[in-house]
Amino acid sequence: MYNINCDVAIVGGGPAGLSAAVAAKKEGAERVLVIERDESIGGILQQCIHPGFGLSYFKEELTGPEYAGRFAEEAEELGVEFLLNSMVLEVNEKEGNVVCVNKEYGMTCINAGSIVLAMGCRERTRANIMTPGARPAGVYTAGAAQRLVNRQNELVGKKVVILGSGDIGMIMARRMTLEGAQVLAVIEIMDFLAGLTRNKVQCLDDFGIPLYLSHTITKIHGYQRVEGISFAQVDERKKPIPGTEQFIECDTLLLSVGLIPENELTRQTGIAISPVTNGPKVNQYMQTSAEKVFACGNVVHVNDLVDNVSTESLKAGKYAAQYAMNKLAATVKTVENVPGENVRYLCPQSLSISEENEKASLYFRVLHPESNVTIIAKSGDKVLAKKKALRVNPGEMEHIDFNTAEVEGDNVTVSVLKEV
């Protein structure tokens with residue numbers, strides 16, 4: 001078996017992995033290695049040719065390839081190494097190594113001081129949502145259609161219906177329209193938007209594409225190729241309401257029904273998984289329950305903006321490098337982060353309190369839309385931080401910051417309260 005030694009090994013060369021690699025090198029890690037299964041780095045951003053990236057992090061609007069290119073260029077200048085065309089088979093936390101199969105070296109073992117998981121996420125498929133009907137051609141996930149159109153110049157259909165109002169689905173509604181296809185409807189089972197409001201405005205409203213909230217597809221028609229879909233309004237239990245069914249003739253159905261963290265490796269390693277996010281539980285250092293293993297980006301929880309992925313991944317890279325160099329602050333006590341009113345989950349799930357006063361940022365999504373709210377973080381009866389928001393929506397990530405020195409109890413609770 002071919003062996004490689006490094007300080008920090010990073011699994012995944014997408015936006016999370018590149019950001020973590022840059023941070024690890026800047027923190028002083030001598031040898032940082034990124035392991036990527038594709039033949040090039042950049043991850044999903046390579047097919048995201050639309051603008052809208054970098055508004056928060058770079059303070060300018062970039063396309064996906066441009067955003068990835070900036071981190072890739074910086075990583076290369078800092079001396080980050082890349083092992084491409086390499087599929088990781090297992091992560092051994094106790095031995096501190098990653099085993100992969102590489103096109104050039106065959107079976108390869110990477111021995112590292114610390115490991116960062118940055119595998120991203122994958123789309124839910126038709127099997128995940130059990131849509132009734134036959135299995136005709138013309139049913140794609142939105143991401144698969146995006147790759148075919150943007151990277152392989154293949155138009156997947158001419159009369160399109162999109163199930164789900166996730167960001168990829170709405171962006172593909174615009175992309176298909178610009179390519180000459182007719183997008184007939186975007187259908188969403190929830191009574192609120194699943195993606196960013198700006199994408200609804202720019203991708204649906206600007207092109208006159210109808211959005212049906214509180215509706216779902218009841219049947220896919222067609223045997224060899226999609227011929228149409230039936231959809232109906234749903235009740236409060238998300239069950240179709242009899243008598244509300246409509247039919248749309250179409251040749252293509254795109255599924256934008258959510259993303260799942262890519263966590264087979266995480267589970268195999270025995271790392272604790274959050275039942276809500278389906279990603280590893282982490283502390284503010286992005287350190288998992290396996291102390292040598294850190295995680296970041298969409299493998300931890302699905303973010304709405306790649307800018308957030310980069311911010312989070314810079315932390316993972318920084319602290320993974322500190323761990324490899326035996327410089328990570330010693331933990332005095334561990335505090336659990338608990339979702340309060342109208343909060344679906346918190347990330348990180350815990351805080352490792354040290355003697356140093358650190359700034360902690362808790363990211364979260366709300367359970368349901370609300371306007372004129374107060375976001376409050378408390379430790380026992382003590383208010384750690386408070387801020388107001390004009391509106392919150394499950395499709396958009398929120399966060400609140402405070403200092404760890406202020407934490408007094410055994411947990412921190414974040415709530416989103418409606419102002420009276």
Evaluate the following for residue 350: is it closer than 30 Å to residue 136 by Cβ and open to solvent by 10 Å² or more (accessible area, probe 1.4 Å)?
no
Look through 112, 23 and report the one residue that is modelled with pLDDT of 95 or more and assigned to a helix (DSSP H, G or I).
23
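Just to be sure I understand, how many residues within the stretch 64-87 are open to solvent by less than 40 Å² (accessible area, probe 1.4 Å), closer than 15 Å to residue 46 by Cβ and assigned to a strand (DSSP E or B)?
As a first pass, look at the stretch 64-87 and keep what is open to solvent by less than 40 Å² (accessible area, probe 1.4 Å): 64, 67-69, 71-72, 75, 79-80, 83, 86.
Retained after the next criterion (residues that are closer than 15 Å to residue 46 by Cβ): 64, 67-69, 71-72.
From what is left, the residues that are assigned to a strand (DSSP E or B) are none.
Matching residues across the stretch 64-87 total 0.
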In the stretch 115-134, what count of residues is obtained for those that are closer than 25 Å to residue 302 by Cβ, small (Gly, Ala, Ser), modelled with pLDDT under 90 and open to solvent by less than 60 Å² (accessible area, probe 1.4 Å)?
0
Quickly run through the stretch 150-165 and pick out the residues that are out of contact with any Gly (no Cβ under 8 Å at 6 or more places or on another chain) and open to solvent by 10 Å² or more (accessible area, probe 1.4 Å).
150, 151, 152, 153, 154, 159
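For every residue, the table says whether it meets (1) open to solvent by less than 40 Å² (accessible area, probe 1.4 Å); (2) farther than 26 Å from residue 301 by Cβ; (3) in a strand (DSSP E or B); (4) touching a Gly at 6+ places or on another chain (Cβ under 8 Å).
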site: 89; (1), (2), (3), (4): no, no, yes, no
site: 100; (1), (2), (3), (4): yes, no, yes, no
site: 108; (1), (2), (3), (4): yes, yes, yes, no
site: 171; (1), (2), (3), (4): yes, no, no, no
Top-ranked residue in the stretch 26-57 [being of a type in the set (A, V, I, L, M) and not in a loop (DSSP other than H, G, I, E, B); ranked as surrounded by the fewest Cβ atoms within 10 Å (Cβ to Cβ)]
44
Just name the residue that is farthest from residue 367 (Cα to Cα) out of those in the stretch 174-193 that are in a loop (DSSP other than H, G, I, E, B) and open to solvent by less than 50 Å² (accessible area, probe 1.4 Å).
181
Return yes or no: is residue 140 outside any loop (DSSP other than H, G, I, E, B), of a type in the set (Phe, Trp, Tyr) and closer than 30 Å to residue 84 by Cα?
yes
Determine whether the stretch 295-310 contains at least one residue that is open to solvent by 60 Å² or more (accessible area, probe 1.4 Å) and within 25 Å of the chain's Cα centre (by Cα).
no
So is residue 222 without any contact (Cβ under 8 Å) to a residue 24 or more places away in the chain and on the phi > 0 side of the Ramachandran plot or not?
no
Matching entry among 252, 266, 277 (being touching a His at 6+ places or on another chain (Cβ under 6 Å) and either closer than 30 Å to residue 52 by Cα or open to solvent by less than 10 Å² (accessible area, probe 1.4 Å) (or both)):
277
Any residue in the stretch 331-342 that is over 24 Å from residue 25 (Cα atoms), open to solvent by less than 40 Å² (accessible area, probe 1.4 Å) and under 22 Å from the mean Cα position of the chain (by Cα)?
yes
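Restricting attention to the stretch 155-194, which residues are of a type in the set (Ser, Thr, Tyr) and touching a residue at least 60 places away in the same chain (Cβ under 8 Å)?
Within the stretch 155-194, 165 is the sole residue that qualifies.
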Scan the stretch 376-410 residue by residue and report those that are assigned to a strand (DSSP E or B) and either among the polar types (S, T, N, Q) or within 18 Å of residue 284 (Cβ to Cβ) (or both).
377, 378, 379, 384, 385, 398, 399, 400, 401, 402, 403
What single numbered condition from (1) under 29 Å from residue 279 (Cβ atoms); (2) open to solvent by 60 Å² or more (accessible area, probe 1.4 Å) fails to hold for residue 199?
(2)
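Kindly indicate whether residue 4 is closer than 21 Å to residue 117 by Cβ, open to solvent by less than 10 Å² (accessible area, probe 1.4 Å) and modelled with pLDDT of 95 or more.
Taking the combined requirement at face value, the residue does not satisfy it.
The values are calculated or read from the model by the stated rules, or taken from the named source; none is laboratory data. Since this is a predicted model, take the numbers as computed values, not measurements. Every residue, glycine as well, gets a Cβ built from its backbone with ideal geometry; the counts of neighbours run over all protein chains shown. Ligands, DNA and RNA are stripped out before the accessible areas are found, and what is left, the full protein with its side chains, is counted by its heavy atoms. Shrake-Rupley method; radii C 1.70, N 1.55, O 1.52, S 1.80 Å.
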